[in-house]
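*Asks:* Got a structure here, written out as structure tokens. Questions coming.
The values are calculated or read from the model by the stated rules, or taken from the named source; none is laboratory data. Note that the coordinates shown come from a computational prediction; the quantities given were computed from them, not determined experimentally. Note that each Cβ is placed from the backbone with ideal geometry, even for glycine, and that neighbours are counted across all protein chains shown.
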Amino acid sequence: MTVFQFIQTEVHDRVGLVRLNRPEALNALNHTLVSELMSALENFDQDAQIGAMVVCGNERAFAAGADIKEMAEASAVEMLKRDNISQFDRIINIKKPVIAAVSGWCLGGGNELAMSCDMIIASETARFGQPEINLGVIPGAGGTQRLARAVGKAIAMEMVLNNRTLTAQEALQFGLVNRVVPVERYLDEALSLAGEIAGRAPLAVRLGKAAINHAYESFLSDGLADERRAFYLLFASRDQKEGMAAFVEKRKPNWKGV
Ligand code: CAA
């Protein structure tokens, strides 16, 4: 069995569960965590005993975004060369359904990860946002593209440009999540939905998922490539350094617009 540093895996009947497990950093998505998560999902995808998957965090946080400390000092060229975000793309090739079970903070790359899953079950305490603007950057792992498709342009603009955070009920109202349940039940609800789907015709489930995703594919890849270039480019700005340094030093950023 593979031993992981930042995730835990479990099997519940025909459902593979991945728990993000970096609670001291609110499950901030560093490079190792994301690549472990993707490896675990790929392993479940290959396992004939598994019919669907669930990804969860803990009650306080699904994930509070990409790891700011890992990238705060990076140059645009370093970001481009590391291309950590390409790890996120691996989820696109998972053929079985993946459900995100979200409680607490679901921010930045965390929200982008949840939106890369096929469905989202939210606890009443879940909070969804793209706070990258506070750091002097924009979402870089699909946030501008998938969010606009999920909640529409108006709400996506507020979230990306002005750090609007959605409550679980708002996320339900805007179509970001499938359902909202009390915090004690969010994981069971996700496991139960995944279990039902895992009990259905596997090929139809597989092709149904692929067909629905195809509906979103036209020009999405162009949008993602564009978004990524812009995200990396922002690491050439002074405001990115200032925004991330201010976060690490727990102070307010002083924006210069350069
Ligand atoms: N990266 C690195 N560390 C993080 C983190 C992140 N995204 N989010 C939280 N942490 C760390 C904090 O630094 C803190 O660590 P220390 O105890 O060592 O100081 C620990 O997790 C607990 O966090 P807080 O003390 O800040 O907890 P809080 O309850 O006061 O606040 C929060 C919670 C509002 C979520 C706050 O932690 C926060 O604003 N986090 C950053 C959210 C964010 O900006 N996400 C976007 C990241 S950029 C991105 O995701 C780019 C992309 O599109 C790929």
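*Asks:* Go through the stretch 84-169 and tell me which strands (runs of 3 or more DSSP E), entirely inside it, have 2 or more residues that are near the ligand (Cβ under 9 Å from one of its atoms).
*Replies:* 105-107, 127-129
*Asks:* Anything in the stretch 229-255 that is modelled with pLDDT under 85 and in a loop (DSSP other than H, G, I, E, B)? List them, or say none.
*Replies:* Trp255
*Asks:* Residues that are out of contact with any Lys or Arg (no Cβ under 6 Å at 6 or more places or on another chain), exposed (fewer than 12 other Cβ atoms within 10 Å of the Cβ) and among the polar types (S, T, N, Q): does the stretch 235-247 have at least one?
*Replies:* no
*Asks:* Now a separate question. Report, by residue number, each residue of the stretch 36-65 that is free of Cβ contacts under 8 Å to residues at least 24 places away in the same chain and of a type in the set (S, T, N, Q).
*Replies:* Result: Gln46, single match.
*Asks:* On to the next question. Which numbered condition trips up Leu33, out of (1) within 12 Å of the ligand (Cβ to nearest atom); (2) hydrophobic (A, V, I, L, M, F, W, C); (3) not in a helix (DSSP H, G or I)?
*Replies:* So Leu33 meets the others, but not (3).
*Asks:* Please specify each residue of the stretch 21-30 satisfying the condition of being over 19 Å from Asn93 (Cβ atoms) and either away from the ligand (no atom under 14 Å from the Cβ) or not in a helix (DSSP H, G or I) (or both).
*Replies:* Residues satisfying the conditions are Asn21, Arg22, Leu26, Asn27, Ala28, Asn30.
*Asks:* Anything in the stretch 184-228 that is part of a helix (DSSP H, G or I), of a type in the set (S, T, N, Q) and within 26 Å of Gly143 (Cα to Cα)? List them, or say none.
*Replies:* Of everything in the stretch 184-228, those that are part of a helix (DSSP H, G or I), of a type in the set (S, T, N, Q) and within 26 Å of Gly143 (Cα to Cα) turn out to be Asn213, Ser221.
*Asks:* Now, a different point. Out of curiosity, is Leu176 outside any helix (DSSP H, G or I), over 21 Å from Ala230 (Cβ atoms) and either of a type outside the set (Phe, Trp, Tyr) or within 16 Å of the ligand (Cβ to nearest atom) (or both)?
*Replies:* Here the answer is yes, as Leu176 does meet what is asked.
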